[in-house]
1. Send over the Kirkwood Rh of chain B, from the inverse of the averaged 1/r over different Cα pairs, rounded to one decimal Å.
2. In the full protein assembly as shown, how much of B:M53 is accessible to a 1.4 Å probe, in Å² to the nearest 10?
3. What lysines does B:K35 reach when the alpha-carbon gap must be under 25 Å and sequence neighbours fewer than 8 apart in one chain are set aside?
4. Taking the label point 7 Å from Cα in the Cβ direction, how far apart in nm is B:E56 from each other copy of itself, listed shortest first?
5. With the full set of protein chains in place, find how many percent of the accessible area of the range B:2-92 is carbon and sulfur; take the probe as 1.4 Å.
6. Can you name the helices of chain B, as whole DSSP H runs, whose Cα span along the helix axis is 30 Å or more and whose Kyte-Doolittle mean is not below 1.0?
7. Just by accessible area at a 1.4 angstrom probe, what is the order of A:F90, A:F72 from largest to smallest?
8. Report the relative contact order of chain B, percent, no decimals, based on alpha-carbon pairs under 8 angstrom and at least 6 residues apart.
Number of protein chains: 2
Amino acid sequence: MVSKLEAAMEGLIKVFHTYSSKEGDKYKLSKAELKSLLQGELSDFLAASKDPMVVEKIMSDLDENRDGEVDFQEFVVLVAALTVACNEFFVESMKN
Amino acid sequence: MVSKLEAAMEGLIKVFHTYSSKEGDKYKLSKAELKSLLQGELSDFLAASKDPMVVEKIMSDLDENRDGEVDFQEFVVLVAALTVACNEFFVESMKN
């Protein structure tokens, strides 16, 4: 029996590999794969940003080792930051 | 319609608050709450560690601001590290 936390962790891994396996290195996101992931999985977040360069900026921020691809560790940094922001929003709305 | 990635992020937030709301600060994990979370959600991980001090060590590692409690951001660091380790295991098993 998988716990809720294990299910969430498994979900992160599955989502990453669904997109990273499409082209090139199967275990890294190219810029096109990252864009596809953001559009498919975080469309509300993308729509909320009016910046047409948002995908390029996220890619540049995440790609710490400057190889033009985002590996799983770099992806987790994005998800962690977004989840912390969501949690802060949730906590504030609970307090008010 | 919630995407798989959004569901995973929501799962992390829900799990944290399920345990953090039990006593004291509703938005932070006390040591007892952290122990309860690890036992309830990551029992296989806990069982794999033979170290009787593992909960104390995790608490000490996570509690960056030394207030004796683990906030959501500190918790996400643990989950991120565990998920990266799980992914590496998964990728290695796929390659072999």
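The values are calculated or read from the model by the stated rules, or taken from the named source; none is laboratory data. If you're wondering where the values come from, they're calculated on a predicted model, not measured in any experiment. Note that we place each Cβ from the backbone using ideal geometry, even for glycine, and neighbour counts take in every protein chain shown. Side chains included, ligands, DNA and RNA excluded: accessible areas come from the protein's heavy atoms. Shrake-Rupley method; radii C 1.70, N 1.55, O 1.52, S 1.80 Å.
1. 14.5 Å
2. 100 Å²
3. A:K4, B:K14, B:K22, B:K26, B:K50, B:K57
4. 5.4
5. Working: 2720 of 4740 Å².
Within the range B:2-92, the accessible surface is 57 percent carbon and sulfur.
6. Once both thresholds are applied, what remains is B:72-95.
7. Highest to lowest solvent-accessible surface, that is A:F90, A:F72.
8. Normalised by residue count, the contact order of chain B is 21 percent.
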